[in-house]
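The values are calculated or read from the model by the stated rules, or taken from the named source; none is laboratory data. The shown structure was predicted, so the numbers you read here are calculated from the model rather than taken from an experiment. Methodologically, a virtual Cβ is constructed for each residue, glycine included, from the backbone with ideal geometry; neighbour enumeration extends over all protein chains shown. What goes into the accessible areas is simple: the full protein's heavy atoms, side chains included, and nothing from ligands, DNA or RNA. Shrake-Rupley method; radii C 1.70, N 1.55, O 1.52, S 1.80 Å.
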Amino acid sequence: MSHAVEIRDLHKSFGSLEVLKGIDFTVDEGQVVCVIGPSGSGKSTLLRCVNLLEQPTKGTVTVGGVELTDPDVDLDAARRRLGMVFQSFNLFPHMTVLQNVMIAQRRVLRRGRAEAERVARGNLEKVGVAAKCDDFPAQLSGGQQQRVAIARALAMNPSLMLFDEPTSALDPELVGDVLAVMRALADDGMTMLVVTHEMGFAREVADRVVFMDGGVIVEEGPPDQVIGRPQHARTRSFLSRVL
Ligand code: ADP
Ligand code: MG
């Protein structure tokens, strides 16, 4: 059986700076993989290469059996199957919550207004912000805005969700609500690749943890192993700083 995500020998350089130095890993259908590692280790670049927001210098990225790095691939079609949630929520400030969750469904998937609204309301319900449909993003807390961003991604029926430090910009008391939504998604069977500093979440929710440092995977395995009994000094040193 093919993997939901397959990364092979992925390299990415910006000019003379080699940020990813040969990354290999897979994510299976329904799995949650958490990527941890120090700032500057290439985690965001890795996620951005997975959805081809960055063009890898070398190597292949295959999602759902489609090789995104194949120059002949219909990248727009392939990307539609990927949901991405960033540290900054990136909602459209001049649109209501409901409009934010409808717009890509309308423009990209060409859904009719009634269907887009039904899907939007359903997903806003799922992430616990249905009561905020007619509010503008600025009227919401950061945690609510991030949950809207998750609903917006889910409304596109992604087969894979990518999260890049989704709780790092939030006040501490708002982190739990967003993690709870992510945990519910994982329990629902969503395939997820999550860059996070939330070691509790990684420990409880991840099927596998990947520790990156300096553009390489230093170690990976089940959370009990990588977070609980790290084999490498670099992993231990990183964990001693974040735990
Ligand atoms: P992380 O997410 O682990 O903190 P990043 O992937 O954001 O790491 O960055 C890894 C390295 O790549 C950093 O040195 C960063 O400055 C560099 N980098 C990231 N994006 C670019 C870019 N567009 N141009 C040049 N350098 C970049
Ligand atoms: Mg980053």
Quiz item: Just for the range 185-204: of the residues that are free of Cβ contacts under 8 Å to residues at least 24 places away in the same chain and either assigned to a helix (DSSP H, G or I) or within 16 Å of ligand 1 (Cβ to nearest atom) (or both), which one is nearest to residue 161 (Cα to Cα)?
Solution: 187
Exercise. Tell me, please, whether a residue that is closer than 25 Å to residue 81 by Cβ, over 24 Å from the mean Cα position of the chain (by Cα) and not in a helix (DSSP H, G or I) can be found in the range 112-131.
Key: yes
Practice problem: Within the range 56-67, identify whether any single residue is closer than 24 Å to residue 144 by Cα and open to solvent by 40 Å² or more (accessible area, probe 1.4 Å), and answer yes or no. | Solution: no
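Condition check ((1) under 17 Å from residue 209 (Cα atoms); (2) of a type outside the set (Val, Ile, Thr)) across all residues:
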position: 4; (1), (2): yes, yes
position: 12; (1), (2): no, yes
position: 27; (1), (2): yes, no
position: 35; (1), (2): yes, no
position: 40; (1), (2): no, yes
position: 45; (1), (2): no, no
position: 56; (1), (2): no, yes
position: 69; (1), (2): no, no
position: 73; (1), (2): no, no
Quiz prompt | Every residue from the range 1-42 that is open to solvent by 10 Å² or more (accessible area, probe 1.4 Å), within 25 Å of residue 198 (Cα to Cα) and among the hydrophobic types (A, V, I, L, M, F, W, C) | solution = 4, 19
Quiz item: Looking at residue 130, is it free of Cβ contacts under 8 Å to residues at least 24 places away in the same chain, over 20 Å from residue 189 (Cα atoms) and either among the small types (Gly, Ala, Ser) or in contact with a Gly (Cβ under 8 Å, 6 or more places away or on another chain) (or both)?
Solution: yes
Exercise. Please state which one of 73, 101 is at negative phi and crowded, with 17+ Cβ neighbours inside 10 Å.
Key: 101
Exercise. Could you grab the pairs with beta carbons closer than 6 Å, sequence gap of 6+ or different chains, first residue in the range 34-45 and in contact (Cβ under 8 Å) with a residue 60 or more places away in the chain and within 8 Å of ligand 2 (Cβ to nearest atom), second one open to solvent by 30 Å² or more (accessible area, probe 1.4 Å) and part of a loop (DSSP other than H, G, I, E, B)?
Key: none
Exercise. With respect to residue 219, determine if the residue is in contact with a Lys or Arg (Cβ under 9 Å, 6 or more places away or on another chain) and over 25 Å from residue 158 (Cα atoms).
Key: yes
Self-check item: Search result, residues across the range 45-70 that are small (Gly, Ala, Ser) and within 15 Å of residue 27 (Cα to Cα)
Solution: 64, 65
Practice problem: Could you look through the range 46-55, keep only residues that are under 24 Å from residue 218 (Cβ atoms) and either open to solvent by 30 Å² or more (accessible area, probe 1.4 Å) or hydroxyl-bearing (Ser, Thr, Tyr) (or both), and pick out the one that is nearest to ligand 2 (Cβ to nearest atom)? | Solution: 48
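Restricting to the range 135-184, count the residues that are of a type in the set (Phe, Trp, Tyr) and either open to solvent by less than 40 Å² (accessible area, probe 1.4 Å) or part of a helix (DSSP H, G or I) (or both).
1
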